[in-house]
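**Student:** Pasting in a structure now, in C-alpha cells, and then I'll have a few things to ask.
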Amino acid sequence: MAGDELTAVVVDDHPAVRAGVAHWLASGDPPIRTIAEGDDVRVAWLDGADADVVILDLHLGGATPALGDLRRLAGGGRRVVVYSMRADDDIALQCLELGALSYLTKAEGAQYLVEAARAAAGGRPYTPPSLAGALAADRSTNRPALSARETEVLVEWFQSESKDFVAHRLGISQNTVNSHLERIRVKYAQIGREAPTKAALVARAIQDGLISVDDL
Amino acid sequence: MSEQALLGRVLAAIRIVLLGVTAVLQASMSAAYLFGNRSFYEPRWLAETAFAALALVLVVAAGWILRGRRVPPGVALPAAGVVLIASATATATTPGEWYLHARHWAFGLTGWHLLVLLLERTRPVLAAFAGHAAIGTTQFLLVVPLNRVSLGETAIAIVSVLGFQIAVGLIVQMVMRRLRAMAATVTERDRAATRAALAEQWELDQRFRAAEQFGSVLPLLAGLADGALDPRADDVRHQCALAAARLRLLFAENDDVPDPLVHEVAAAVDIAERRGVAVSFAVSGDVVPVPTAVRRMLAEPVLTALSAARTRARVSLLRTAEEVRLAVIADSAVTTGSPSRSPDVEVTSDTLGDRTRMEARWQVTS
C-alpha cells in the first residue's frame with residue numbers, strides 16, 4: 001500500500017477489458033492506479049503483489065471458473081472483486097463464500113465497479129444490484145436469517161439500481177441503506193468457509209458499531 | 001388410473017375363481033376319496049392332518065383373496081412350503097398301488113393350491129411346481145416297480161396333471177401381460193387426446209387474444225393511415241410502442257421454452273431496445289412455474305412502463321420460494337394509466353423525479 005494512493009491489479013483474459021477497467025479506475029475520484037495487469041492470476045502474486053485490490057475475471061480462457069485462484073487469493077488475505085460475465089446467482093454466492101469482497105457482472109457499469117474497487121481496497125464489502133438480487137433470491141439451507149427490512153433493502157436495490165430511490169421508497173436515509181447492505185454482508189461473512197477477508201469484514205463491522213459482539 | 005383399477009379387478013376375479021375351484025376340488029373329490037377309503041390310508045390321522053393343513057391354507061389365503069388382494073409374499077411363500085410338506089405327507093400315507101390314480105387325492109390338488117398362492121409370481125410358481133414334481137417323482141420311484149411301463153406311466157401322469165396346472169398359471173400371466181399392455185396403450189391414447197384437446201383450446205385462446213390485440217391496433221393503424229394521428233406526437237408514439245410490445249409478447253407466449261416468464265419479458269425488453277431505450281434486464285432466483293394468466297398480468301405493468309421509457313430502463317425479475325416480483329424503473333415522469341388491480345397480482349407504482357418504478361408481485365400459492 002503506497003501512501004494514500006489506492007492501487008489495483010487487473011486479471012482478465014481480454015486486453016480491452018483490462019484497459020477499460022484500468023481507465024475506469026483511474027478516472028474515479030479519488031483515482032485508483034492499476035499497477036499490474038495480465039491474463040493470468042500469477043500477475044496478482046508477482047507484479048501486483050502489493051496492490052490494494054485484485055479485480056479478477058472468473059473465466060480466464062479455461063472452461064471452468066477460476067474459483068481455486070479466488071480461494072487462494074482470499075486465503076492469502078487479498079481483497080478481491082470478482083468481475084464476471086456470468087450472472088447466475090449460485091456462482092455469485094459461491095464467490096462470497098470463498099471470501100470475495102464483491103461480485104459484479106460485466107453487464108454492470110463503471111460506477112459499480114469503481115465503488116466496489118474502492119470499498120474492497122479499504123477492506124469493505126460492496127453489494128452491487130445484481131448481487132443484491134442473488135442474496136434476496138438465495139434459497140440455500142445455510143443462508144443467514146435476514147430481517148424483513150434487510151430483505152426489502154436488497155430487493156429495492158436490485159430493482160432500482162439507485163440508492164436514492166431505495167431511500168425514497170423505504171423512507172430511510174442513504175446511509176441507512178448502506179449500513180443495511182453492510183450488515184447483510186457481515187451476516188454472510190459469518191457463515192460457511194473462513195477467510196481472512198471475511199474475518200476482517202466482521203471485525204471492522206464491530207469496530208464501526210455496525211454490529212455488536214452479542215450479534216455474533 | 002382407471003385402467004389399472006380394471007386390471008386389478010380382473011386379476012382379483014381370476015384369483016377368486018381359482019380359489020373357488022380349488023376349494024370345490026378339495027371339498028368334493030379329494031374329500032370323497034380320502035373319507036370314502038379312510039381305512040386304507042396309513043396312518044389315517046396323518047392323512048387327515050395333511051388334508052386339514054391344505055384346507056387351512058385355503059382358508060388363510062381366502063382372507064386376502066376374497067377382499068380382492070393377493071396373498072402377501074411373507075405369507076404365500078411359507079404357505080407354499082406347508083402345501084408341499086402336506087402333499088408329501090399325504091402321498092406317504094397313500095398305498096403304493098394307488099399312486100397317480102384318483103385315490104391319490106393330494107397330488108393333483110397340490111398344484112391348485114400352489115397356483116392360488118403364487119399365481120402372479122412366475123419364478124416362485126415354477127420353482128414350487130418343480131419342487132412338487134421332484135418330491136412326487138422321488139416318492140413314486142421308491143414305491144413303484146422300476147420297469148419301463150410303470151416309469152412311463154408315472155412320467156405321463158405327472159406331466160399331464162402338473163402340465164395342465166402350469167399352463168393355467170402361465171395363461172393367466174400372459175393374459176395379464178396383454179391386459180397391462182392394452183391398458184398402457186389406452187392410457188397413452190387418452191393422454192394424447194387430452195393433449196390434443198388442450199392444444200386446441202390453447203389455439204382458440206391465442207386466436208381470440210390475437211384478434212383482441214389486433215382489434216386494438218387497427219384504430220391506431222387506421223388513424224396513422226388517414227392522417228388523423230400524428231406519428232410525431234409523443235402520445236401516438238407511446239401507443240404504437242405499447243401495441244408493438246403487446247403483440248410481441250403474444251408471439252412469445254406461443255414458444256415452448258423452459259423459462260416462459262423470462263422469455264416473454266425478454267421479448268418486451270427487445271421491443272423497447274429497438275426503440276433505442278437502453279434496457280438492463282436482471283434475473284435472480286430459480287424458475288418458478290407461473291400460470292399463463294398470471295404471467296400476462298405480471299407483464300402488463302412492464303409493458304406500460306417500458307413503452308413510456310425515454311432513454312433508460314431497468315427490468316428486474318426476482319423469484320423466491322414465496323413470491324415473484326417483476327419491476328421496471330424507467331425514465332418517464334408520467335405514470336401512464338393507473339395500476340390495474342387484480343386479486344392475484346399486486347401492482348404498485350412510484351415516481352421520484354423523472355423516474356417511475358412499477359412493480360407487479362405475485363405470491364406463489366402452490
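**Student:** What residue, of B:Val161, B:Val172, B:Val125, is more than 33 Å from the chain's Cα centre (by Cα) and either at pLDDT below 90 or hydrophobic (A, V, I, L, M, F, W, C) (or both)?
**Tutor:** Matching residue, one of B:Val161, B:Val172, B:Val125: B:Val161.
**Student:** State which residue is nearest to the other protein chains (Cβ to nearest Cβ) when the search covers only segment A:77-100 and only residues that are touching a Lys or Arg at 6+ places or on another chain (Cβ under 6 Å) and either surrounded by 24 or more Cβ atoms within 10 Å (Cβ to Cβ) or under 25 Å from A:Ala199 (Cβ atoms) (or both).
**Tutor:** A:Glu97
**Student:** So, one more: Out of all the residues in segment B:212-219, is one or more closer than 20 Å to B:Ala244 by Cβ, more than 46 Å from the chain's Cα centre (by Cα) and not assigned by the TED database to the domain that holds B:Ala252?
**Tutor:** yes
**Student:** Shifting gears a bit: Filter segment A:122-172 down to residues that are in a helix (DSSP H, G or I) and of a type in the set (Phe, Trp, Tyr) and give me whichever is modelled with the lowest pLDDT.
**Tutor:** Checking each candidate, the answer is A:Phe165.
**Student:** Testing B:Thr304 on (1) of a type in the set (Val, Ile, Thr); (2) surrounded by fewer than 18 Cβ atoms within 10 Å (Cβ to Cβ); (3) within 22 Å of B:Ser349 (Cα to Cα), one condition comes back false. Which one is that?
**Tutor:** (2)
**Student:** From the list B:Glu42, B:Glu3, B:Glu97, which residue is farther than 28 Å from B:Ala157 by Cβ and modelled with pLDDT under 85?
**Tutor:** B:Glu3
**Student:** Then there is this: Are there any pairs, at least 6 apart or on different chains, whose C-beta atoms fall under 6 Å, with the first in segment B:44-56 and assigned by the TED database to the domain that holds B:Leu114 and the second in a helix (DSSP H, G or I) and among the charged types (D, E, K, R), and if so, which?
**Tutor:** B:Arg44/B:Arg38
**Student:** Same structure, new question: Mind listing whichever residues of segment B:306-326 are at the interface with another protein chain (Cβ under 7 Å from one of its Cβ atoms), among the aliphatic types (A, V, I, L, M) and under 17 Å from A:Ala87 (Cβ atoms)?
**Tutor:** Across segment B:306-326, the qualifying residue is only B:Leu318.
**Student:** If you go through segment B:246-253 one residue at a time, do you hit one that is in contact with a His (Cβ under 8 Å, 6 or more places away or on another chain), at pLDDT below 90 and part of a helix (DSSP H, G or I)?
**Tutor:** Yes, there is a match, as at least one residue in segment B:246-253 is in contact with a His (Cβ under 8 Å, 6 or more places away or on another chain), at pLDDT below 90 and part of a helix (DSSP H, G or I).
**Student:** Same structure again: Only residues that are touching a residue at least 60 places away in the same chain (Cβ under 8 Å) and not aliphatic (A, V, I, L, M): list them for segment B:85-103, please.
**Tutor:** B:Arg103
**Student:** Quick check on my filter: what residues within segment B:129-149 are buried (at least 16 other Cβ atoms within 10 Å of the Cβ) and either under 33 Å from the mean Cα position of the chain (by Cα) or not hydrophobic (A, V, I, L, M, F, W, C) (or both)?
**Tutor:** Of everything in segment B:129-149, those that are buried (at least 16 other Cβ atoms within 10 Å of the Cβ) and either under 33 Å from the mean Cα position of the chain (by Cα) or not hydrophobic (A, V, I, L, M, F, W, C) (or both) turn out to be B:Gly131, B:His132, B:Gly136, B:Gln139.
**Student:** Got a sec? Which strands (runs of 3 or more DSSP E) wholly within segment B:256-366 have at least 1 residues that are modelled with pLDDT of 90 or more, of a type in the set (A, V, I, L, M, F, W, C) and under 24 Å from B:Ala241 (Cβ atoms)?
**Tutor:** Once the strands (runs of 3 or more DSSP E) in segment B:256-366 are filtered for at least 1 residues that are modelled with pLDDT of 90 or more, of a type in the set (A, V, I, L, M, F, W, C) and under 24 Å from B:Ala241 (Cβ atoms), what remains is B:278-284, B:312-319, B:323-330, B:355-363.
**Student:** Could you say which residue among A:Leu154, A:Leu131 is touching a helix residue (DSSP H, G or I) at 6+ places or on another chain (Cβ under 7 Å), in the same structural domain as A:Arg72 (by the TED database) and crowded, with 18+ Cβ neighbours inside 10 Å? If you could, list the steps in order and put the result at the bottom.
**Tutor:** Values: A:Leu154 fails: in the same structural domain as A:Arg72 (by the TED database).
Sole residue among the options that is touching a helix residue (DSSP H, G or I) at 6+ places or on another chain (Cβ under 7 Å), in the same structural domain as A:Arg72 (by the TED database) and crowded, with 18+ Cβ neighbours inside 10 Å: A:Leu131.
**Student:** Anything in segment A:101-121 that is more than 14 Å from chain B (Cβ to nearest Cβ) and either in a strand (DSSP E or B) or touching a residue at least 40 places away in the same chain (Cβ under 8 Å) (or both)? List them, or say none.
**Tutor:** If the condition is that a residue be more than 14 Å from chain B (Cβ to nearest Cβ) and either in a strand (DSSP E or B) or touching a residue at least 40 places away in the same chain (Cβ under 8 Å) (or both), then A:Leu101, A:Ser102, A:Leu113, A:Val114, A:Ala117, A:Arg118, A:Ala120, A:Ala121 are the ones that fit.
**Student:** Based on this model, can you work out whether A:Lys198 counts as over 23 Å from A:Leu6 (Cα atoms), buried (at least 18 other Cβ atoms within 10 Å of the Cβ) and either in contact (Cβ under 8 Å) with a residue 60 or more places away in the chain or not hydrophobic (A, V, I, L, M, F, W, C) (or both)?
**Tutor:** no
**Student:** Tell me yes or no: at least one residue of segment B:188-203 is of a type outside the set (S, T, N, Q), within 30 Å of B:Leu242 (Cβ to Cβ) and in contact with a helix residue (DSSP H, G or I) (Cβ under 8 Å, 6 or more places away or on another chain).
**Tutor:** No.
**Student:** Of the residues in segment B:249-284, how many are more than 33 Å from the chain's Cα centre (by Cα) and within 14 Å of chain A (Cβ to nearest Cβ)?
**Tutor:** Number of matching residues: 11.
**Student:** Next up: Could you check, for segment A:191-201, whether at least one of its residues is in a loop (DSSP other than H, G, I, E, B), of a type outside the set (Asp, Glu) and within 24 Å of A:Ala8 (Cβ to Cβ)?
**Tutor:** yes
The values are calculated or read from the model by the stated rules, or taken from the named source; none is laboratory data. No experiment lies behind these values; they were computed from the predicted model shown. All Cβ positions, even for glycine, are placed from backbone atoms using ideal geometry, and neighbour counts span all protein chains on display.
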